[in-house]
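This report concerns only the one structure given below.
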Amino acid sequence: MNATPKLITVMQRVEMKYLLSPAQVALLRQGLQGRMQPDAYGLTTIGSLYYDTPDHRLINRSLEQPGFKEKIRLRSYGVADNASPVFLELKRKAEGVVYKRRAAATLDGVRAFFAGQDRLSDDAQIDRELAYFRDFYGELAPACLIMYDRTAYEEPGGDLRLTIDANPRYRTDRLDLRLPMEGTPLLPGGWAVLEIKVQQAMPLWLTALLAKGKIYKTSFSKYGTAYRMENGPALRRSA
């Protein structure tokens, strides 16, 4: 099922990432029963088109794992067309806390924005932040398309959110969200990326479930992994 989630334009939360083997995926899904439930959108294929400078300044900075990093991406839920909504997201991470600004737009609107038009959405403050980011970094262009099949879980009455991203894949050509979402796998078959997103403390039952499955936090980045896969030899030569 592909549907457009309700638009949340401003987010601040702690995000933790984990890599899951097929057995850990099964254990986690079983352990969530009765405590969390899939959200209203079910299984959704997501495309995230990352923009970067010609010298890949943003991803290289991210790979250094600094205390502060930022990125900009265009997201679609399912294959887009010229009329469907897409979401331009500015994501910053400072000392483990994620801050996100999000504007709903169309593909034509996003193209106009990167060509210099400042008005993108109905939120003037978010438009200003996006325009400042664009102007600060200068020439930004599509660099990598990340795709995955996401199931999002929510906690009834709580703020805990958990997502399982299966079959993560990428491509660095055909950087168009209107094309079929096919690409090179980022992980072995059956593996997935778990993200836990919470504004307060993680509940004890979830901590116990992760311990039971020997599921440990990692710094895995989909775009960063794709960049290393594409440029591994060059990165080693420059090290």
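Taking first residues from region 193-213 that are at pLDDT below 90 and partners that are surrounded by 13 or more Cβ atoms within 10 Å (Cβ to Cβ), the Cβ contacts under 6 Å between residues at least 6 apart in sequence or on separate chains come to 197/13; 197/15; 197/161; 198/14; 198/160; 199/13.
Would you mind telling me which numbered condition in (1) surrounded by fewer than 18 Cβ atoms within 10 Å (Cβ to Cβ); (2) under 17 Å from the mean Cα position of the chain (by Cα); (3) not in a strand (DSSP E or B); (4) not aromatic (Phe, Trp, Tyr) residue 83 fails? Checking residue 83 against (1) surrounded by fewer than 18 Cβ atoms within 10 Å (Cβ to Cβ); (2) under 17 Å from the mean Cα position of the chain (by Cα); (3) not in a strand (DSSP E or B); (4) not aromatic (Phe, Trp, Tyr), the one that fails is (2). Would you tally the residues in region 151-205 being of a type outside the set (Gly, Ala, Ser) and not in a loop (DSSP other than H, G, I, E, B)? Result for region 151-205: 23. Checked against (1) basic (Lys, Arg); (2) modelled with pLDDT under 95; (3) within 16 Å of the chain's Cα centre (by Cα); (4) farther than 23 Å from residue 154 by Cα, residue 91 passes all but condition (4).
When region 46-61 is filtered for residues that are in contact with a Cys (Cβ under 9 Å, 6 or more places away or on another chain) and of a type in the set (Asp, Glu), only 52 remains.
Here residue 107 clears all of (1) surrounded by 15 or more Cβ atoms within 10 Å (Cβ to Cβ); (2) at pLDDT 90 or above; (3) under 17 Å from the mean Cα position of the chain (by Cα) except the condition numbered (3).
One residue alone among 92, 75, 134, 111 is farther than 20 Å from residue 170 by Cα and part of a strand (DSSP E or B), and that residue is 92. I want to confirm something. Restricting to region 1-57 and keeping residues that are loosely packed, with under 14 Cβ neighbours inside 10 Å and part of a strand (DSSP E or B), which single residue is modelled with the lowest pLDDT? In this case the residue turns out to be 10.
Close Cβ contacts (under 6 Å, 6 or more residues apart or on different chains) running from residues in region 41-55 that are closer than 17 Å to residue 182 by Cα to residues that are of a type in the set (Gly, Ala, Ser) and assigned to a strand (DSSP E or B) comprise 47/76; 50/143. Screening the candidates 124, 143 for the property of being of a type outside the set (Asp, Glu), buried (at least 18 other Cβ atoms within 10 Å of the Cβ) and farther than 15 Å from residue 46 by Cα yields one hit, 143. A single member of 178, 169, 134 is out of contact with any Cys (no Cβ under 7 Å at 6 or more places or on another chain), surrounded by fewer than 16 Cβ atoms within 10 Å (Cβ to Cβ) and among the charged types (D, E, K, R), and it is 178.
Scanning region 58-74 for residues that are surrounded by fewer than 19 Cβ atoms within 10 Å (Cβ to Cβ) and not polar (S, T, N, Q) gives 61, 63, 64, 66, 67, 68, 69, 70.
In the condition set (1) farther than 29 Å from residue 112 by Cβ; (2) over 21 Å from the mean Cα position of the chain (by Cα); (3) acidic (Asp, Glu), residue 149 is compliant with all but (2).
The values are calculated or read from the model by the stated rules, or taken from the named source; none is laboratory data. Just so it is clear, the model here is predicted, and its values are computed rather than measured. Reconstructed Cβ throughout: ideal geometry from the backbone, glycine too, with neighbour counts over all protein chains shown.
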